[in-house]
Amino acid sequence: MLKKALLLFLFAAAAILLMLFSFQSDMWNNPLKESTQPEEALSTEGNKVEAGEKEKEEKAPLKENFEEEKEVVVQIEGTEEKVLMHLNKGKDCDYIIYIDEERYKMVSGEGDKPDAITTKEELPENFPEVSMTIEHVPDTAPEVLVEEFEAELKAEFPDLQDVEQVAKPVQGYQLHGIANGGQQGNDPVVHAYVISNGQSGSFVITERYFLEAAEGHGARFYAMLTEFHIVEPE
């Protein structure tokens, strides 16, 4: 009788151990879904937020990508002058430039006319033109356009210098000419650049002033062009 009871006890103990082993094995191979789903959901939401923030940053308005004003050093006759310049946009918002608004103003081109930076105060009628125009030519590459522009300028400036490639204040082709051989202080000067728009087109930047103003307006136009940046249209 005692032997029979002992066998029943051992059989019951073995059954209990077998049940416990099966339960633990199931827990190990099939963890509870409730423990993983919140973490997966959080990870997915986190990726969505990160992607959304990135897209928002890429499409941020220009005023958020560039400071409204910045201090720029201008070299005037060998002397450094710090000038506070202000952010201005091209008429099609495809470029920005910082301008010395104490002396100059930007006039947005209407129709086919290019944007123009001119003196804030009108010059006397007998003064040569002082301006810097910025024209976007989206369908013509710089190496093609510069040849056309050179021929056009030579009609007005027969002594136009040979085209040069430059890296400053912008990277591209430079054209320079002085009317009448540069004999008088008021002889008109043209100083122009043809640069890539980053795709298949060009920007043509044309400065006009007079010989005596080369160290004044010429130097200030140069400084402003160091802060010329091509951007994606808004």
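Below, the figures for the structure above:
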{"quantity": "Theoretical gain in end-to-end length, Gln199 to Glu125 [0.36 nm per residue, Cα-Cα removed]", "calculated": "22.6 nm"}
{"quantity": "Nearest-0.05 FRET efficiency for Asp187 and Ala141, computed from C-beta distance (R0 25 Å)", "calculated": "0.15"}
{"quantity": "Percent of alpha-carbon pairs separated by more than 16 Å within region 103-170", "calculated": "66"}
{"quantity": "Potential extension, Arg103-Glu68 segment - 0.36 nm per residue separation minus Cα distance", "calculated": "10.9 nm"}
{"quantity": "Calculated log₁₀ intensity ratio I(q)/I(0) where the Debye formula runs over C-alpha points of region 154-234, q = 0.16, 0.24 Å⁻¹", "calculated": "-0.64, -1.20"}
{"quantity": "Cα gyration tensor shape of region 85-204, rounded if a/c is under 1.5, else prolate or oblate by comparing a/b with b/c", "calculated": "oblate"}
{"quantity": "Cleavage-rule hits (trypsin sites (Lys or Arg not before Pro)) in region 59-130: DSSP loop, at most 15 neighbouring Cβ within 10 angstrom", "calculated": "Lys59, Arg103, Lys120"}
{"quantity": "Summed residue charge, Cβ within 11 Å of Gly109's Cβ, Lys/Arg positive, Asp/Glu negative", "calculated": "-3"}
{"quantity": "Shape metrics for region 167-209, restricted to C-alpha atoms - Rg then Dmax, Å", "calculated": "12.8, 41"}
{"quantity": "Neighbour net charge for Ala214 - beta-carbon separation under 15 angstrom, K R +1, D E -1", "calculated": "-4"}
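Coordinate-derived values only; no laboratory data. This structure is a prediction, so every number in the text was calculated from the model and none was measured. In this analysis, Cβ positions are derived from the backbone assuming ideal geometry, glycine residues included, and neighbour counts consider all displayed protein chains.
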